[in-house]
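Each reported figure results from applying straightforward, stated rules to the coordinates on display, with no laboratory input. None of the values given here were measured: they were computed from a predicted structure. Cβ coordinates were reconstructed from backbone atoms using ideal geometry, including for glycine residues, and neighbour counts include every protein chain displayed.
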Amino acid sequence: MKFSKLFEEFSDAGLSPAEQVALTRLYDRMSLSEGNSNFYDKQQNAYYVTYSREDMADKLNVSTNTVTNIFKSLKRKGWLIVKQRFNSTNRIFLPISLKTKNCTAKTQKLVSNKTEYNNTNKKTSHNKNDTKSSVESLEFDGIAQSLTNKAGFSPRLVSQLKALSFNKPDTLYDYGKLILKAKRMALRFSVAKNSSLRRFETNPLLNEYLENHTEPIIRNANRKAKNKYGYIIKSFKNLFEEAIDNYSQQLHDTNDKDIERLFPGNIAL
């Protein structure tokens, strides 16, 4: 890859030196991803790269917080599409052309079949808004899918969270992260790691309780809580503890009935 050409493209776009160096490394890695089926997202029909903030911070000799700000800026300017995934590495797509009209040509479809980048950076405001909207829509849908497939949330719960997030990817991601954090806190000392009580798939009350209480918890947090995130975590932690206790009692009662059926009059055994 010719770094001089990439720096010229980035400089013409008005990117900061740190953004230019970060993008250079991302496009360099994308050149290795292209043609590699292990780095092809079938759902998005595009190649992607993985690059942790820690690794990028080490390469740029800056803090991870600085890298986070660089990535946010590049996302906002349309250079990055980050597909956030729970319990897995985020996938980074590069939608803007550096070769013919895209370093990852198939990725361009994620934004627009007609979106092109020019060195004079004379895009209309309308096109910029369309691109930003498409990028955010991709992120939003990717996070929602990850909440269902990776985190185990029910489709009904994810629909509620999407509505409460007002189509903002970062908000949806934060809500999912806070709920999972509350779940870990509720399970930390009370439930064995291999227990079926821990999993959404084997403890139906986890999703049931969330479906019934998520909307009022988040609305109350946004409307009246001084510490919104603290309120959300505490509320969901209490909710998980209640769901776990109730389902545990259900299993206990079922076992007692089975014993009584097998050994009438000897329930004490």
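Say a paramagnetic label sat at a point 7 Å from the Cα of ARG188, along Cα to Cβ; which residues of the range 218-249 have their backbone N under 13 Å from it?
Answer for this model: 234, 237-238.
Please list 3J(HN,Hα) in residue order for the range 223-240, calculated via the Karplus relation 6.51 cos²θ - 1.76 cosθ + 1.60 where θ = phi - 60°; whole Hz, with x for glycine and proline.
Per residue, the Karplus-derived 3J(HN,Hα) values read 8, 9, 7, 5, 10, 4, 5, x, 4, 5, 5, 4, 5, 6, 4, 4, 5, 5 Hz.
So what's the net charge close to GLN145: Lys and Arg +1, Asp and Glu -1, counting the other residues with Cβ under 14 Å from its Cβ?
+3
Using 0.36 nm per residue, how much length does the chain from THR66 to ASP174 gain when fully extended, once their Cα-Cα distance is taken away?
So the chain would gain 36.9 nm between THR66 and ASP174.
Where the eigenvalues come from the Cα gyration tensor of the range 134-245, what are the semi-axes √(5λ) of the equivalent ellipsoid, largest first, in whole Å?
Working: eigenvalues 103, 59, 26 Å².
Each semi-axis is √(5λ); the values are 23, 17, 11 Å.
Ranked from highest to lowest mean number of other Cβ atoms within 10 Å per residue, what is the order of the peptides 154-162, 236-244, 52-60, 211-219?
Per-residue mean Cβ counts within 10 Å order the peptides as 236-244, 154-162, 211-219, 52-60.
Return the long-range amide H neighbours of LEU80 (sequence gap of 5 or more, or a different chain), with a cut-off of under 5 Å between placed amide H atoms.
The answer is LYS75.
Skipping prolines and chain starts, which residues have an amide H placed within reach, meaning under 5 Å, of the one on LYS168, given they are 5 or more residues away or on another chain?
The answer is none.
Would you please give the FRET efficiency between HIS252 and ASN227, computed as 1/(1 + (r/R0)^6) with r the Cβ-Cβ distance and R0 = 22 Å, to the nearest 0.05?
Here the calculated transfer efficiency is 0.05.
Rounded to whole Hz and in sequence order, give me ³J(HN,Hα) for the range 8-16 from the Karplus expression 6.51 cos²θ - 1.76 cosθ + 1.60, θ = phi - 60°, writing x for Gly and Pro.
Karplus values, whole Hz, x for Gly and Pro: 5, 4, 5, 5, 4, 7, x, 6, 6.
Mind checking the full-extension length gain between ASP58 and ASN238? Use 0.36 nm per residue of separation minus the Cα-Cα distance, one decimal, nm.
Taking ASP58 through ASN238 to full extension adds about 60.9 nm, to one decimal.
Quick check: pseudo-label points 7 Å beyond the Cα along Cα→Cβ at ARG156 and ARG199, how many nm apart are they?
About 2.2 nm separates the two model spin labels.
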